Amino acid sequence: MAVSASRAHVVGLPAALTATALWGFTFLGPAAVAPVNVYYLVIGRYAVFGLMSLAVLLVRRGGLRTLGARRLLTAVHLGVVGHIGFYLLLAMSAELGGGVLASTMTGLIPLMVTLVSNLLEKVLARRKLALPVAVISIGLLLVNTAEPADGSASGRDLVLGAVLGFLASAAWSYFVIVNRRALQRARPAVDGTTWTACIGLGACLGSLFLLPLALTGGGPSPLSDTGAPWPFLGWCVTLAVLGSWCATWFWNLASERLPATVMGPVIAMEAVFGAAFNLWWEGRTPTFHELWGGLLVVAGVLLASYLFNRAGLPRGTPPQDTGGPAGPTSHSTPAGPGPTP
């Protein structure tokens, strides 16, 4: 059992880190297509993701039949909540309270996932999680306080922005936990590629709700300038392939092998990778807060992984049914959009 767990960890942890790196890469999207309205980028990205997913499902019709209606609806709703719901709530939080407030609130995601998952699966004693959770929290706090607030938001806007940021974190945490449990209960009947395609279909359908925001929001359309469509389309395809399809596939691969108590801390690496890609894009070195905050997040993730590895528990063993939010038949916990955005 310990050997099997170790092998699962060797595959699962690199897969989870790859997924967070790809999600972190998507943070470059808005800056790359500026000043185009970012909602057009989201719609374009998930339109490509949806077309890819539809093509996969047409080829894998047998896998879709095996999936069944209930599991299909579970995957589709995860795509809507985890990808579109998270992004929309986060964007509204940033608009009201500022980007620093919104990004700070997303620091709750790894903590939510770790603590809730440990309550459901009882993998590690809570006292053993205290140190990695504290280290990651301090690291995220340092990273997110590197940029001082401009003080332009009112007190009411800050409160509402914080509430929306909390809801965004809850949406992504829900995706991570429910997705993982759903995948484990569906195995071996359902393969990860079919499951990823169903999530992509849901994200594509959910993105249609952003169309009114794209039409009425600030920023020009990608069609307003004759030179803009091709770079814009290139970023839509790149983000869909790397940040949506590949990232979700790698995350699902890790979700089948690692407990959510490890997946939770790994999510914090998305912020580190996102900051690193932005530093590269801006051509500058990290500030003191950014550097040491990022290092603390990495240390916390490695510490959590080490503690679980020492526990000698079988990572590939599906958790017992705890009657989670998705119900006993539809699986109830995600490990993942996605976000990641």
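The values are calculated or read from the model by the stated rules, or taken from the named source; none is laboratory data. Owing to the predicted nature of the structure, the values given are computational and were not obtained by experimental measurement. All Cβ positions, glycine included, derive from the backbone under ideal geometry; neighbour counts span all protein chains shown. Quick note on the areas: whole protein, heavy atoms, side chains included, nothing else; ligands and nucleic acids left out. Shrake-Rupley method; radii C 1.70, N 1.55, O 1.52, S 1.80 Å.
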Original post:
Where the eigenvalues come from the Cα gyration tensor of region 157-243, what are the semi-axes √(5λ) of the equivalent ellipsoid, largest first, in whole Å?
Top reply: 30, 23, 10
Original post:
Ala125 to Thr287: extension gain in nm, 0.36 nm per residue of separation minus the Cα-Cα distance?
Top reply: 54.8 nm
**OP:** Return the long-range amide H neighbours of Gly217 (sequence gap of 5 or more, or a different chain), with a cut-off of under 5 Å between placed amide H atoms.
**Re:** none
Original post:
Once you list every other residue whose beta carbon is under 10 Å from the beta carbon of Thr26, what net charge do they have if Lys and Arg are +1 and Asp and Glu are -1?
Top reply: 0
**OP:** Sort the following peptides by mean Cβ neighbour count (other Cβ atoms within 10 Å, averaged over residues), highest first: 17-29, 80-92.
**Re:** 80-92, 17-29
**OP:** Just the number, please: carbon plus sulfur as a percent of the accessible area of region 37-100, 1.4 Å probe, no ligands or DNA/RNA counted.
**Re:** 71 percent
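With a/c under 1.5 counting as rounded, go ahead and sort region 23-128 into rounded, prolate or oblate using the C-alpha gyration tensor (a ≥ b ≥ c being the square roots of the eigenvalues; past the cut-off, prolate if a/b is larger than b/c, else oblate).
Because a/c hits 1.5 or more and a/b fails to exceed b/c, region 23-128 counts as oblate.
By how many nm would the segment from Leu141 to Arg61 grow when fully extended, if each residue of separation counts as 0.36 nm and the alpha-carbon distance is taken off?
Details: separation 80, 0.36 × 80 = 28.80 nm, distance 4.62 nm.
The span from Leu141 to Arg61 would gain 24.2 nm if fully extended.
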